[in-house]
Amino acid sequence: MSTAPVPASFVPGPEDPAPGPPHYLKDGTTVRSWLLTVDHKRIAILYLVSVLVGLFLGGMFAMALRLELLTPGPTIMDALTYNRMFTLHGVTMIFLFMIPAIPAVFGNFFLPIMLGAKDVAFPKLNLLSWYVYVIGGALALWGMVHGGADTGWTFYTPYSTTTPTKVLPILLGASIIGFSSILTGLNFIVSIHTLRAPGLTWTRMPLFLWSLYGTSIIQILATPVLTLVLLLVATEAAFGFGLFDPARGGDPVMFQHLFWFYSHPAVYIMVLPAMGVISETISTFSRKNIFGYRMVAFSSLGIAFVGFFTWGHHLFVSGQSTFDAGAFGILSMFVGVFTAIKVFNWVATLYKGAISFKTPFAYICGFLYFLVFGGMTGVAVATVSLDVHWHDTYFVVAHFHFIMVGAVMMAFLAGLHYWFPKMFGKTYHEGWGLVAASLIVLGFNATFIPQFLLGNAGMPRRYYAYHESFQALNVASTAGATLLLFGFVIIAIYLVLAFRFGGPAGPNPWGSRGFEWVTASPPITENFDGEVEVTGTPYDYQEDQPSVRVTPEAE
Amino acid sequence: MNEFLRTMLFLPEQASSFAEQVDQLHYFVIITTLIASTAVGMGAIFFFWRYRRRVQDQKTPHVEPTVLIEALFVAVPLLFFVSWFVMGFKDFITLSTPPREAMDVYVMGKQWMWKFAYPQGPNSISTLRVPADRPVRLLLTSRDVIHSFYVPAFRIKQDALPGRYTQTWFTATRPGRYPVFCAEYCGLTHSGMIGEVVVLPGPEFDAWLADQQRGLADRQDAQDVRAERVEPEGSMVEQGRVLATSQGCTRCHSVDGSNHIGPTWLDLYRRRELTTEGKAVEADEPYLTESMMDPKAKVVSGFDPVMPSFRGRLSPPEVAALVEYIKSLRSDRVVLPTPRRGKL
């Protein structure tokens, strides 16, 4: 799919219903019609293509890193290249892939449909957010090609302000991308408040929207702090203001406080939408109402709220006071509790269900396991005394990859497979889907469980060369990463084939009660061919159809 | 059991008193995590096996949770997480409270090596020699960017920050050699910034220290590094005394207990004072360092904020020497640390 940014070659199948307005993919096929579109679905596709480019680049950087770490000494690159490479890997994966992946692709596509609306509240702002993202991403990529920073994605001062490598384009690129995230968040909040169809009360709202609402709050409140702090680093690097230089009255640790004030909540910008996807899919594949809807919905807001008060757990060994460490430690536990509420409710949703083990369900199982293991090791690293040993080791690397790559990627893939028939009107090969899912779940475990052990053994992160005693686990991790790569290659192949040759999906292939499934597959530009009225919840399997009534408009 | 779990988890050997303590919690946390994630995974698989879909449009019951169930969903994880926290925070308080009798060593990180200085005079690069079974406190700073002093076998780690001192401590329990890593990314040769802690039995350490103090040049570890060269002869206290005069400190700070323009240095170390803002401060190493770098931040009540900043005028070893000198000024006793054994 990443090979076809403009599906101009899209050939409508003979099975497409002839009458009625054309679906959104056929409503204009020129490049111009794509680049100037204000249709939220087309913007979602633009985002999909761009985040997949980000995923591809970030993945290639990751494979290069894993190859380099096969041997204790130099393997395929020198130390400077390695240091640039892990910076690029982090920056691309986080800013170009993880943060926009679920909200900007699936959020953009399905938020208006789930609201029963024709589009988001500010369609032009929505398009602007994509351009801002592309400009920021292009600037960052340009910086990577011309020099590339070697600071790590965390840009810790005073290293980042004194390194001889070029940090400016990447800092500016990342702060520009931040604006795209703010615009999307703003759009979503306003849309949820103002565009809900008649009958769509807050407690009937799909849980995906609750999670996007929580995400948007974080995006609006926290992202400006990132923009600010990255610009401060940029000005210091460019003009030497001395803001973070202790020799001139600055404070290097202040950077860490500001940076993590955004970057810790940013984890929830990535994880909350993932949790929303799981709520949607787990209900569909078990044909059951979500167990404890309110608890799941409110815990999204709980995570968004508490997430703002945990940033100090990144600074336990930075010289922060013992009292602060305790306060941030206990507050971090609450994120764990809110997450646990969701996990228990999801598992309880399966109870007495009618479960169908399709590809998205395989990813749900992977998600649950990665989230619990990654989440609990997260609570473990927030346990102050344990963090002293684990801080900045591979244990932390493994923990956040379990959450961000394990859990979030599982949800992204679950969402991609779940909504692919809706977005493109085609079905993919179920057998290959399951093969790829098993490869990916196995590959993730094989990649990152050795890294937990490496961290226990004391291998610090961002190490180009390491002690020979760490080699066996590093080789195991690289082998796992290779499995993972195979999984992604298989997915890319069968999804591209499905896009080109897949059979017709029909409006509701999973038999879901979600509101998005009452539209045609793919939906028409206006989403619904009439006025929408919501009569129940999107998880009501006592009904035979989704609880949405569409009344054709009287011409 | 301890040994079995330690090996299974790839943890390094436990060479400090803190390591033995914190590993118990590590086992508890990891075992709970493994059980919980397996239980959730197995639970999902069990439900799938028990409730797999048999017909396409199978009907399912509408199940809503009871209050009890939701309360359990909150209470059980809360109970576990809070108990982890309580145990972990207790250990952390131990780690952030060095015993008073601890021996001090000054640690300076720079791209890309560790430098150690003992108040008694000796200094060394990359190799930190410490006695077994005696508490050692490290006072860390950095000459350039942030580094992090990490001894996996001791389970301790502390960032070394430019412009200020941070501290950590340990009691090594097993004589041996243990690697020191830099855990905070610091540039090109970050992964090569490796040092070593050599834990010596107490008497051997004392003998080594005495040898060093005797100024046996051929047994000095110190290499002549121009920028932060510290004269091997003369303890840090003596260097501090010289600096106090040459930098003009003694023009305002007396050492005999009389207050002049600034507070007297006699008995200043660990004295609790009130600032002009009415806050209590203890004159410990971080405070003394801060007062040299940013004198107006916390002015002792009754004095005018007239002291100039010595930021950029004092190098980290010089600050360390001044702090040691201030610590040595006691009216009740002379705390010039001397080796307990071995002849001078």
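Before anything else, pin down the relative contact order of the range B:1-137: Cα pairs under 8 Å, at least 6 apart, normalised by residue count, whole percent.
Relative contact order comes out at 17 percent.
Run the dipole for the range A:313-429 about the Cα centre, Lys and Arg Cβ at +1, Asp and Glu Cβ at -1, nothing else charged, and hand back the magnitude in debye, nearest 20.
740 debye
Using a 10 Å cut-off around each Cβ, can you sort A:Ser321, A:Ser332 from fewest to most neighbouring Cβ atoms?
In order of increasing Cβ crowding within 10 Å: A:Ser321, A:Ser332.
Using a 10 Å cut-off on Cβ atoms, rank the peptides A:345-354, B:118-127 from the highest mean neighbour count down.
Top to bottom by mean Cβ count within 10 Å: A:345-354, B:118-127.
Are any of the pairs A:Lys118/B:Lys59; B:Lys110/B:Lys298; A:Lys426/B:Lys59; B:Lys157/B:Lys298; A:Lys41/A:Lys358; A:Lys26/B:Lys59 more than 30 Å apart by Cα-Cα distance, and if so, which?
Cα-Cα > 30 Å for A:Lys118/B:Lys59; A:Lys26/B:Lys59; rest within.
Any idea how far the Cα center of the range A:492-513 sits from the one of the range B:65-99, in Å?
One Cα centre to the other: 46 Å.
Just tell me how shielded A:325-332 is by partners: mean number of partner chain Cβ atoms within 10 Å of each residue's Cβ, no decimals.
Mean shielding count: 3.
If you place +1 on the Cβ of every Lys and Arg and -1 on the Cβ of every Asp and Glu, how big does the dipole about the Cα centre of chain B come out, in debye to the nearest 20?
560 debye
Put +1 on the Cβ of every Lys and Arg and -1 on every Asp and Glu Cβ in chain A; which of A:Leu231, A:Phe308, A:Leu115 then has its Cα farthest towards the positive end of the dipole?
A:Leu115
By how many degrees, between 0 and 90 and to the nearest 10, does the Cα long axis of helix B:67-95 differ from the longest principal axis of chain B?
With both axes taken from Cα atoms, the answer is about 20 degrees.
Average partner chain C-beta neighbours within 10 Å, per residue of A:291-302?
2
Determine the relative contact order of chain A: mean sequence separation of Cα pairs under 8 Å and six or more apart, normalised by residue count, in whole percent.
17 percent
If you take the square roots of the eigenvalues of the alpha-carbon gyration tensor of the range B:30-70 and sort them as a ≥ b ≥ c, do you get rounded (a/c under 1.5), prolate (a/b over b/c) or oblate?
Oblate is the answer for the range B:30-70, as a/c is 1.5 or above yet b/c matches or exceeds a/b.
Let me make sure I get this right: for chain B, a, b and c are the square roots of the gyration tensor eigenvalues over alpha carbons, sorted descending. Under 1.5 in a/c it's rounded, otherwise prolate if a/b > b/c, else oblate. Which is it?
Here chain B falls in the prolate category.
Convex hull volume of the Cα atoms in chain A, per residue, in Å³?
So the per-residue Cα hull volume is 142 Å³.
Mind checking which of A:Thr215, A:Gly375, B:Tyr51 is farthest towards the positive end of the protein assembly as shown's charge dipole, using Cβ charges of +1 (Lys, Arg) and -1 (Asp, Glu) about the Cα centre?
Result: B:Tyr51.
Give the average, rounded to an integer, of partner chain Cβ atoms located within 10 angstrom of each Cβ in B:58-68.
Going residue by residue through B:58-68 and averaging, the value is 6.
Fewest Cβ neighbours within 10 Å first, please rank B:Thr275, A:Thr537 accordingly.
Ranked by crowding around the Cβ, least crowded first: B:Thr275, A:Thr537.
So if I place +1 on the C-beta of Lys and Arg and -1 on the C-beta of Asp and Glu, and nothing else carries charge, what would the dipole magnitude of the range A:166-283 be about its Cα centre? I want it in debye, nearest 20.
That gives the range A:166-283 a dipole magnitude of about 260 debye.
Applying a 10 Å radius around every beta-carbon, put B:263-273, A:154-164 in order of their mean neighbour count, most first.
A:154-164, B:263-273
Towards the positive end of the charge dipole of the protein assembly as shown, with charges on Cβ (+1 Lys, Arg; -1 Asp, Glu), say which of A:Pro206, A:Leu350, A:Leu55 has the farthest Cα.
The one lying farthest along the dipole's positive direction is A:Leu350.
Enter the angle in degrees (range 0 to 90, nearest 10) between the Cα long axis of helix A:79-91 and the first principal axis of the Cα atoms of chain A, meaning the one along which they spread out most.
That works out to roughly 30 degrees.
Quickly rank A:120-133, A:307-320 as a protection proxy: mean count of other C-beta atoms within 10 Å, highest first.
With the highest mean Cβ count within 10 Å placed first, the list reads A:307-320, A:120-133.
Helix A:123-145 versus the longest principal axis of chain A: what is the Cα-based angle in degrees, 0 to 90, to the nearest 10?
30 degrees
Restricting attention to the range A:248-303, which chymotrypsin sites (Phe, Trp or Tyr not before Pro) occupy a DSSP loop and are surrounded by at most 13 other Cβ atoms within 10 Å?
Those that pass, being in a loop and sparsely packed, number zero.
In terms of Cα to Cα distance under 15 Å, which aspartates and glutamates are near enough to B:Lys115, apart from those fewer than 8 places away along the same chain?
B:Lys115 reaches B:Asp104, B:Asp144, B:Asp159, B:Glu196, B:Asp221, B:Asp224, B:Glu228, B:Glu231, B:Glu318.
How do A:Trp432, A:Trp142 line up, fewest other C-beta atoms within 10 Å first?
A:Trp142, A:Trp432
Full extension from B:Gln58 to B:Arg177: what is 0.36 nm times the residue separation minus their Cα-Cα distance, to one decimal in nm?
36.2 nm
The numbers here are math on the coordinates, done by the rules we state, and not lab data. Just so it is clear, the model here is predicted, and its values are computed rather than measured. A quick note on method: Cβ atoms are made from the backbone with ideal geometry, for glycine too, and the neighbour counts reach across all protein chains shown.
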